[in-house]
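Below is one structure, written out as structure tokens, with a few remarks after it.
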Amino acid sequence: MSTETEDYGTEAEAVIAITKEAGAGELREIDVHEYYSVLVPDGYSHEMFDLEHKREHPRQAAGTVALTTVDAFVKYVTRHDDPITTTVWVDIDNLFVVGVIDDHAGDAGKPGWGAHRACLALKPTDEWLHWTKADGTLMTQEAFAEHVEDGQVEVVEPDAATLLDIVTTMQGHINAEWKQAIRLQDGTVQFVYNEEATATAGGRGELDIPQTFKLGIRPFPGEEPYAITARLRYRIKSGNLTIGYKLDRPSDVIRDAVEHMAIRLDEQFHDRTFIGRPR
């Protein structure tokens, strides 16, 4: 019998001390792969000791990993995937995806710990936030022009250069007195204004702007862009023009994106994807 013991930490030291007090008279090696139960003499309490943290590897994987894209989520879950116990859950309403690596064993009927998980919180892209934060808001001509310029990468129709030319022209007439807006048959709105004579402009003017323009926006990082229509909104009051847009049902775009994501995940993990949240 070895008279030297490995330093197993405070739990092992406690067991050794208790053994000495009980009068065992000799030291014994402790198997870190086992659980230990002991009666403590002082008050005769019953203690349990687990030395898992001293093993080379834990008994089973545990913990929660936070991912930021669908591709990263798929890569991680696939790395640890067990076709018997792994399940994937998509919470459409709360934009949340959970992969439970050690879930219940399905047809085998064996319960799982559910302690090893991969989580993906679906956060909108900066471009999505840029266009949705101003949805339905009327702005000054200058603010509208700057807003379109900052989001020009997502402008699809008319092309970004054409729309920027229009809003830049509008920005050049911020001191004009706006008279009326006329909807034309070609799908544009004609704004009529009066402007005091200057070295470059003067008198009555007209500016045509499309009633709608189309955007291509990625709802979530790593996903394909969605086509979404923005409908022009404006107001002329006391000679002042405020202008903005209204997006065509952006909430439907988000829901559709998550639903298609669930379909892709189900194809990846072979009918082990569920709509909802795990226990």
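A convex hull fitted to the Cα coordinates of the stretch 126-248 yields 99 cubic angstrom per residue. Scanning residues 5 or more positions from residue 191 or on other chains, those with amide H under 5 Å from its amide H are 182, 207, 208, 209, with H placed 1.01 Å from N in the peptide plane.
Between amide H atoms placed 1.01 Å from N, distances below 5 Å from residue 137 occur with 245, all of them 5 or more places distant or on a separate chain.
Can you give the extra length, in nm with one decimal, that the chain gains between residue 129 and residue 238 once fully stretched, where that is 0.36 nm per residue apart less the Cα-Cα distance?
Details: separation 109, 0.36 × 109 = 39.24 nm, distance 3.20 nm.
Full-extension gain reported as 36.0 nm.
Extending 7 Å from the Cα toward the beta-carbon at both residue 96 and residue 115 defines two label points whose distance is 2.2 nm. Each residue of the stretch 248-256 is assigned a 3J(HN,Hα), and the resulting list reads 7, 6, x, 5, 5, 5, 4, 5, 5 Hz, derived from the Karplus form 6.51 cos²θ - 1.76 cosθ + 1.60 (θ = phi - 60°), x at Gly and Pro. Site pair residue 184 and residue 279 shows an inter-label distance of 6.6 nm when each label is modelled 7 Å from Cα along Cα→Cβ. Cross-link check: pairs 75/214; 214/237; 75/246 evaluated at a Cα-Cα cut-off of 32 Å; pairs beyond the cut-off: 75/214; 75/246.
Amide H contacts of residue 115: 102, each under 5 Å away and 5 or more positions distant or on a separate chain (H built 1.01 Å from N in the peptide plane; Pro and chain starts excluded).
What net charge is computed for the residues neighbouring residue 230, neighbours being all others with C-beta under 12 Å from the C-beta of residue 230, Lys and Arg scored +1, Asp and Glu -1?
Numbers: positive: 214, 231, 233, 246, 249; negative: 135, 154, 157, 248.
Counting the neighbours of residue 230, the net charge comes to +1.
Among residues other than residue 143 with Cβ under 15 Å from its Cβ, the summed charge is -2 (Lys and Arg +1, Asp and Glu -1).
Extension gain, residue 214-residue 251: 0.36 nm per intervening residue step, less the Cα-Cα distance, totals 11.7 nm. Go ahead and run the numbers for FRET between residue 206 and residue 69, Cβ-Cβ distance against an R0 of 41 Å, rounding to 0.05. For R0 = 41 Å, the calculated efficiency reads 0.30.
Summing Cβ point charges (Lys, Arg +1; Asp, Glu -1) relative to the Cα centre of the stretch 126-248 gives a dipole of roughly 640 debye. Our estimate of slack between residue 192 and residue 159, defined as 0.36 nm per intervening residue step minus the Cα-Cα distance, is 9.5 nm.
Values quoted throughout were computed directly from the atomic coordinates according to the rules given, and no laboratory measurement underlies them. A quick note: this is a predicted structure, and the numbers were derived from the prediction, not measured. For neighbour counting, all protein chains shown are included, and Cβ atoms are generated from backbone atoms with ideal geometry for every residue, glycine included.
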